[in-house]
Amino acid sequence: MSTQPLLQVREITKLYAANKGCADVSFDLYPGEVLGIVGESGSGKSTLLSCLSARLAPDSGSIHYHNRAGESLDLYSLSESRQRQLQRTEWGIVHQHARDGLRMGVSGGANIGERLMATGERHYGNLRGTAEQWMSDVELDIDRIDDKPTTYSGGMQQRLQIARNLVTHPRLVFMDEPTGGLDVSVQARLLDLLRRLVTELNLAVVIVTHDLAVARLLAQRLIVMRRGEVVETGLTDQVLDDPQHAYTQLLVSSVLTP
Amino acid sequence: MSSSPIRAGYNFAYLDEQTKRMIRRALLKAVAIPGYQVPFGGREMPMPYGWGTGGMQVTAAVIGHDDCLKVIDQGADDTTNAVSIRAFFRDLTGVETTEQTEEATLIQTRHRIPEKPLREDQILIYQVPIPEPLRFIEPSEVETRKMHALEDYGVMHIKLYEDIAQFGHIATAYGYPVQVNGRFVMDPSPIPKFDNPKMDNSPALQLFGAGREKRIYAVPPYTDVRSLDFEDHPFEVQRWEASCAICGSEESFLDEVVMDDQGHHEFICSDTDYCRTRLAQQEESA
């Protein structure tokens, strides 16, 4: 593993009101590492994720991204076009609601091909081939390639969203509750898929979830947030098996076991 | 050419002078940034939106006493829309009007570019219903403007991709998106893609007016206009197996006309002036 961090986050603050948003968050993310951000609703997880993925300018703090070319980029001093370029080439963003991340009006194949077309691919045959490859990689039926995502089930939409993001071979993927709203069996399949893709593609992932089981399965390191602040960080197993902060203890003990 | 008196109580070319200036300023900006949609304060015209109010405002802003105006609708000089707009400007400017492409200095058009190649001293004015080529995929105006600004045009190919996926070829036949001067993606108005190559490096100035959407854009003379396509599905124009039933042309854009209740049909030139000119030449040489 490279010693150069992919993402260097320093004292990021974005507050909508006192304790609403995220305050003073710092961490490093290394290539191939999966970082989980857990906490209750309203704890600032999603705000933090938006800041990290250059979709929401923070009030203060800095984020540096180390790109493929080896440059260290200060995210919020980049032009908007460079930010977008990063978002569609080196990054992926998987939204909680697939509808936010997909173009519902065009076919599944076009959804997968969009990023490639945006980065200059102009060969239909190649686009088609890549779309088919990714359909099967995320366990979608290739016969559905020309159907619109509106005709897909929730789980299928989520998998399509993942394919659409991974098609440009990003190095860093931001995921906001990717399994939220899915039933348990579909969730399990999606998690298996994610875990496989993350290992195969050596992806770095920042995953926001309120589901500790998801965090334990995917994340190597955890950040626990509460009321906009980081209350505990550490290796996932360490944090979940031996929680130090009172809130983390509460969180861990609140998990229902059937 | 001299102009005859205009209808009493009206300013030359209907619009007041300040409005014409405002439109000319927008036009100058549009010419300076080929393909960029310039917002302008569109005025109410004495006819409904969708009938060519944008094109008429542009015509009113650029027309002068020495101009000779031709108006076509779907290539024809004799359809209701073309006849009324021509009559409107004859009444309110007194300038000469013509049906012949080579005589005209201004040509206001809906859905076609004349078959006869245009010259440097001619201006082609298009009536545009929806100026935004990205609208079909992105309903937000704020977002489409940003996409233009950032040259974020990946989505344009999605439409073409969907065509091929669905029909096996690029089935978009009109309003076929173009990139102007290597920068802005532009909707060429609902002209058939048959006419797209005529826009490329045209000696004539091309102005576009969208009345309802209140946008003006332009392609200056001799500007690169490229139709979007895929490497393995290159841009192609329509071809017909038939030729024009009146003049026999095999090169022009043909309209299909139903002849009777038995389903017989014929193809005729959509450009009436082109067809008439050819016919006259054939009769002369016969």
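The values are calculated or read from the model by the stated rules, or taken from the named source; none is laboratory data. Keep in mind it's a predicted model, so treat the numbers as computed, not measured. Quick reminder, even Gly has a Cβ in these numbers, built from the backbone with ideal geometry, and neighbours come from all protein chains shown. Surface accessibility is based on the protein's heavy atoms, side chains included, excluding ligands, DNA and RNA. Shrake-Rupley method; radii C 1.70, N 1.55, O 1.52, S 1.80 Å.
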Leaving out ligands and nucleic acids, and using a 1.4 Å probe, what accessible area per residue does chain B come to in Å²? 45
Computed label-point distance, nm, for sites B:MET259 and A:SER185 using a 7 Å Cα→Cβ extension: 6.5
Hull volume per residue for the range B:145-226, using the convex hull of the C-alpha atoms, in Å³ is 103
Using a 1.4 Å probe on protein heavy atoms only, how many Å² of accessible area do A and B hide from each other, summed over both chains and rounded to 100? 1900
Computed over chain A: longest principal axis from alpha-carbon atoms vs helix A:154-166 long axis, angle to nearest 10 degrees, is 90
Peptide-level mean, for B:150-162, of C-beta atoms on other protein chains within 10 Å: 6
Filter the DSSP H helices in chain B by two things, a Kyte-Doolittle mean of at least -0.5 and an axial alpha-carbon span of 18 angstrom or more, and list the hits by number. B:17-32, B:80-93
Which shape class, rounded, prolate or oblate, goes with the range A:100-169 when its Cα gyration tensor gives a ≥ b ≥ c as root eigenvalues, a/c under 1.5 marks rounded, and past that a/b bigger than b/c marks prolate? prolate
One computes Rg over Rh for the range A:52-131 from alpha-carbon atoms, with the Kirkwood Rh, and obtains 1.03
For the range A:108-258, the convex hull over Cα atoms projects on average to an area in nm² of 10.3
Per residue, how much accessible surface does the range A:100-169 expose to a 1.4 Å probe? Answer in Å², no decimals. 35
Mind checking the angle between helix A:108-118 and chain A's longest principal axis? C-alpha axes, 0 to 90 degrees, to the nearest 10. 80
Over all pairs of different Cα atoms in the range B:143-286, the reciprocal of the mean inverse distance gives a Kirkwood radius in Å of 17.7
Can you find, among A:PRO149, A:SER60, A:LEU235, the residue farthest towards the positive end of the dipole of chain A? Put +1 on the C-beta of Lys and Arg, -1 on that of Asp and Glu. A:PRO149
May I ask you to give the percent of accessible area on the range A:100-169 that is carbon plus sulfur, with a probe radius of 1.4 Å? 42
Which of rounded, prolate or oblate describes chain A when judged by the alpha-carbon gyration tensor and an a/c cut-off of 1.5? oblate
Prolate/oblate/rounded call for the range B:220-286, Cα gyration tensor, a/c under 1.5 rounded: oblate
Using Cα-Cα distances under 8 Å and only pairs 6 or more residues apart, what relative contact order does the range A:100-169 have, in percent? 47
Quick one: Debye curve from the alpha-carbon atoms of chain B only, equal weights, vacuum; give me log10 I(q)/I(0) at q = 0.17 Å⁻¹ to two decimals. -1.43
Rounded to the nearest 10 Å², the accessible area of A:VAL230 using a 1.4 Å probe with every protein chain kept is 50
Can you give the translational diffusion coefficient of the protein assembly as shown in µm²/s, computed by Stokes-Einstein from the Kirkwood radius over Cα pairs at 4 °C and 1.567 mPa s? 48
Average beta carbon contacts from partner chains per residue of B:174-185, 10 Å cutoff: 0
Among B:266-278, B:134-146, what's the highest-first ranking by average C-beta atoms within 10 angstrom per residue? B:266-278, B:134-146
Rh (Kirkwood; distinct C-alpha pairs) - the range B:184-259, Å: 14.9
If one takes the longest principal axis of the Cα atoms in chain A, at what angle in degrees, from 0 to 90 and to the nearest 10, does the Cα axis of helix A:80-89 lie? 70
